[in-house]
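The values are calculated or read from the model by the stated rules, or taken from the named source; none is laboratory data. Keep in mind that what you see is a predicted model, and the values were worked out from it rather than measured. Positions of Cβ are backbone-derived with ideal geometry, glycine not excepted, and every protein chain shown enters the neighbour counts.
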Amino acid sequence: MKHLLTSVFQLLGLSAVCALCPLAVNGQSTTYQDFDREVSTPQYNYISTGTGNLVFSNTYGVTGAGAGVSNGTRTLTFHNRTFTMPAAGGQLRLRVSAQGASGGEGLENTDYMLVRVSVNGGSSFSSELRIIGYGDGSGNRNVRDALWSHQTGAAATVTMNYDGNNTPLVAGPAGGGAASRLDGPSNIIINLPSGTTQAALQLEMSTNSVGEIWAVDNITLSANAPGQLPVELTSFTAARHGQQVRLAWATASEQNSARFEVQRSLDGKDFNQVGLLEAAGNSAQPRHYAFTDEAAPASALYYRLRQVDFDGTATLTRIVAVARTGHLMAELYPNPVRERLYLQAGSGALPWRVLAPSGKVLLQGTASGDDVIDVQQLAAGTYILELRRGRQREVHRFVHLP
């Protein structure tokens, strides 16, 4: 199935004056965009680039008009906003829905909205969240493309902490046999770190049809009052030990933290809870946690944490991969890929090469730990990632999407 994203996103200030003002450190609401103003209103604060169509419609909004993008890839870079003094954290919020022009259209798992954040004045952006659809466009009822509205509630909310690692959390509808997934991520909350002095948002939306649409509304950039710090996760690792997988993570501080839920996936998309640890509640001291997955399958595995506050607010961490039993070197994701291939290579230097099916070397380098391979320059098609360590050689096939 193809996607209709006939819209370009644009960010409004609160007013003609406030849109140009620095953000007060204790003010909760700083910049707000609900897209209720028409395109002719000269106060949209963004730069739009790309090929996708941009459309404003009452259908796309939570209240009033919203913005939608279709039939291509379009990037909206919102203007940088500064705080009057370093904030004790901050927060970006937006509402997302997946919509179709007719009853038979929806978003596939290759359609995406990439949420990027900058905390250095827009000089660089870190990819923090990748929202995807569901299905493969085949029309199979059990893998039908996804549609969802601007929903409310914990199941529709993705809360996460900005980490600046340019390794996006992947979120999408849950699997199952329903004709349309109505449970996709709708309320997006990204907590900014303590000491943030400025922030900017960038949205890249991609779809392959004018019949399917990514829609956005109610974008808010706010400064938290002092003391409203999220849980600060400083490390998160997972490694095989025999037939088990041992996970370890640490926090620098915690506030109102109730528990950590350990989630496992076989494909990096659909996760199930396999463990739960009680959190510290409130702590200004470093804390260390450990969990052993004693029933870990032998296949490649993906883990993440779901940190839950006492009020039910939940935050998802980044994903860590564990190689299948007997694997030599590394795991890579996502696959298929459009821009960046993430390689989790463990410790030590790991030379790699990207080969064409003919065997021609197209890209090469050396990975150490978690690394990123930029594949944007490659043409659409199937490629081979070759890894070598000593006399050992490991080959992964991946698909590069246009």
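Which ones in the range 99-130 are in a strand (DSSP E or B) and of a type in the set (A, V, I, L, M)?
The answer is 107, 113, 114, 115, 117, 129.
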| query | Considering the range 258-271 alone, what residues qualify as being of a type outside the set (Phe, Trp, Tyr), in a strand (DSSP E or B) and under 14 Å from residue 316 (Cβ atoms)? | reply | 259, 261, 262, 263, 264, 265
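What number of residues within the range 366-375 are surrounded by 14 or more Cβ atoms within 10 Å (Cβ to Cβ) and at pLDDT 80 or above?
Just the residues of the range 366-375 that are surrounded by 14 or more Cβ atoms within 10 Å (Cβ to Cβ), to begin with: 367, 370-373, 375.
Imposing the further condition that a residue be at pLDDT 80 or above reduces the set to 367, 372-373, 375.
Number satisfying all stated conditions: 4.
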| field | Which numbered condition residue 165 misses (of (1) of a type outside the set (Asp, Glu); (2) assigned to a loop (DSSP other than H, G, I, E, B); (3) closer than 20 Å to residue 66 by Cβ; (4) at pLDDT 85 or above) | value | (3)
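Taking the options 325, 292, 315, name whichever one is modelled with pLDDT under 80, among the polar types (S, T, N, Q) and under 30 Å from residue 254 (Cβ atoms). Reasoning before the result, please.
Details: 325 fails: under 30 Å from residue 254 (Cβ atoms); 292 fails: modelled with pLDDT under 80.
Exactly one of 325, 292, 315 is modelled with pLDDT under 80, among the polar types (S, T, N, Q) and under 30 Å from residue 254 (Cβ atoms), namely 315.
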| remark: Among the residues of the range 382-396, the number that are part of a strand (DSSP E or B) and surrounded by fewer than 12 Cβ atoms within 10 Å (Cβ to Cβ) is 4
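Please state which one of 296, 279, 252, 238 is surrounded by 16 or more Cβ atoms within 10 Å (Cβ to Cβ), at negative phi and not in a strand (DSSP E or B). Write out each step before concluding.
Working: 279 fails: not in a strand (DSSP E or B); 252 fails: not in a strand (DSSP E or B); 238 fails: not in a strand (DSSP E or B).
Of the residues listed, the single one that is surrounded by 16 or more Cβ atoms within 10 Å (Cβ to Cβ), at negative phi and not in a strand (DSSP E or B) is 296.
Is it the case that some residue within the range 145-153 is at pLDDT below 80 and surrounded by fewer than 17 Cβ atoms within 10 Å (Cβ to Cβ)? Show your work before the answer.
Our first condition is that a residue be at pLDDT below 80; within the range 145-153, this holds for 145, 151-153.
Remaining after also requiring surrounded by fewer than 17 Cβ atoms within 10 Å (Cβ to Cβ): 152-153.
There is at least one residue in the range 145-153 that is at pLDDT below 80 and surrounded by fewer than 17 Cβ atoms within 10 Å (Cβ to Cβ).
Right, residue 120: under 15 Å from the mean Cα position of the chain (by Cα), modelled with pLDDT of 80 or more and not basic (Lys, Arg) or not? Please lay out each step first, then the result.
Details: under 15 Å from the mean Cα position of the chain (by Cα): no; modelled with pLDDT of 80 or more: yes; not basic (Lys, Arg): yes.
Against the criterion (under 15 Å from the mean Cα position of the chain (by Cα), modelled with pLDDT of 80 or more and not basic (Lys, Arg)), residue 120 does not qualify.
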| field | Residue among 378, 362 that is in contact with a strand residue (DSSP E or B) (Cβ under 9 Å, 6 or more places away or on another chain), surrounded by 14 or more Cβ atoms within 10 Å (Cβ to Cβ) and part of a strand (DSSP E or B) | value | 362
| Assuming residue 304 fulfils every condition listed in (1) farther than 19 Å from residue 160 by Cα; (2) part of a strand (DSSP E or B); (3) out of contact with any Asp or Glu (no Cβ under 8 Å at 6 or more places or on another chain) apart from one, which condition is it? | (1)
